[in-house]
Amino acid sequence: MNGLFIGRFQPFHLGHLAAVKFALAQVDTLAIGIGSSNKFNEKRNPFTAEERKEMIELSVEKSDLQRCKIYFVPDVNDHAKWTYHVDNIIPSYDIVFSNDEFTHELYKKRGIKVVSVPLKQREILSGTDIRTKISKGQRWSEFVPSGTEKILLKINAQDRLAKL
């Protein structure tokens, strides 16, 4: 069975990593869709699709990564067409993993199974909160896998976020 996990991953944090592991426990292969891949250098989307891909590749265990394929999913700004847009990018999936209510609604309308992912420490694992901590020079590395930390340090994320 093939699964799909889609998110913005701004940045890829420990909650996302737990979601990937959860999904992989239920499927043979997992498509990871990097949403809003056409957006970067914005307050809500500061990191490029390539940077986010690197975060994922350096964070997911090699044996798990062999069962994953990463895709870039740009925004289309048309909710009615969005899932079909995803279908044009990601070839085949039987199940979608998401906690986004709207994503659930859109896929359920099409008869595609959607599974909620158990949220890992949601009160502290939020991309928005992590970006804020980074920009203010607060402790943040404990909330992201080491692969993500490596990329964020390499690109000087604190400076980038502070300027946005």
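Before moving on, here are some points about what is shown:
- For residue 114, the amide hydrogen comes within under 5 Å of the amide hydrogens of 96, counting only partners 5 or more places away or on other chains and with H modelled in the peptide plane.
- Estimated vicinal HN-Hα couplings, Hz - segment 56-67 in sequence order (Karplus 6.51, -1.76, 1.60; Gly, Pro = x): 5, 4, 7, 9, 7, 4, 3, 5, 6, 4, 5, 9
- Kirkwood hydrodynamic radius of the chain, Cα pairs, Å: 16.1 Å
- In this Cβ point-charge picture (+1 for Lys and Arg, -1 for Asp and Glu), the chain has a dipole of about 300 debye about its Cα centre.
- Per-pair calculated FRET efficiency, R0 = 22 Å: residue 146 and residue 29 via Cβ, rounded to 0.05: 0.35
- Fully extended contour minus Cα-Cα distance, from residue 139 to residue 163, at 0.36 nm per residue: 6.8 nm
- Set of lysines near residue 81 by C-alpha distance (under 25 Å), chain-local residues within fewer than 8 positions excluded: 39, 53, 69, 108, 109, 113
- Per-residue 3J(HN,Hα) values for segment 76-87, derived from phi via the Karplus relation 6.51 cos²θ - 1.76 cosθ + 1.60 with θ = phi - 60°, read 10, 6, 9, 4, 5, 9, 4, 5, 6, 4, 4, 4 Hz in sequence order (x marks Gly and Pro).
- Cβ-based charge dipole, the chain, positive-most Cα from 119, 144, 85: 144
- Per residue accessible area in Å² of segment 89-153, where ligands, DNA and RNA are left out and the probe is 1.4 Å: 57 Å²
- Neighbour-limited loop hits for GluC sites (Glu not before Pro), segment 77-164 (at most 16 other Cβ within 10 Å; DSSP other than H, G, I, E, B): 123
The values are calculated or read from the model by the stated rules, or taken from the named source; none is laboratory data. Every value quoted in this text rests on a predicted model; they were computed, and no experiment measured them. Glycine gets a Cβ as well: all are built from the backbone with ideal geometry, and neighbour counts include every protein chain shown. Remember, those area values only see protein heavy atoms, side chains included, never the ligands or the DNA or RNA. Shrake-Rupley method; radii C 1.70, N 1.55, O 1.52, S 1.80 Å.
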